C-alpha cells in the first residue's frame, strides 16, 4: 500500500472518458491557486502528483519529458521565473530562464 495523499492534492470529482480513448496516457491538471499538478488516469485515479508548487500548464514533449513553470515567483499574481524540463520522476534535465 502507498501512503495517504497529502491534503493539498486535489481529487477528481468527475471524469468522463474510457480506457480505449486514453490508453496508458494521463491527464495532468494544475489548480491555478494551489499550483499542485496532478495526473489522473481514465478512471480518475491519481497516477502522479508533484510535491513542488509548480505553475501553470504542463506540456509533454515527444521525448516524454515535461515542460512546467518553476516554483519561484517574482511577484503576484502570475510572474514566475522560468521553465523546467523534467521527468515524471522529478529529475530536472534543464531550466530555461
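The values are calculated or read from the model by the stated rules, or taken from the named source; none is laboratory data. This structure is a prediction, so every number in the text was calculated from the model and none was measured. Every residue, glycine among them, receives a Cβ derived from its backbone with ideal geometry; neighbour counts consider all protein chains shown.
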Next item on the list: Residue by residue through region 25-39, note down the ones that are at pLDDT 90 or above and in a loop (DSSP other than H, G, I, E, B).
Entry: 25, 26
Notebook entry, point to check: Which condition does residue 10 not pass, out of (1) surrounded by 15 or more Cβ atoms within 10 Å (Cβ to Cβ); (2) in a strand (DSSP E or B); (3) modelled with pLDDT under 90, if it passes all the others?
Noted result: (2)
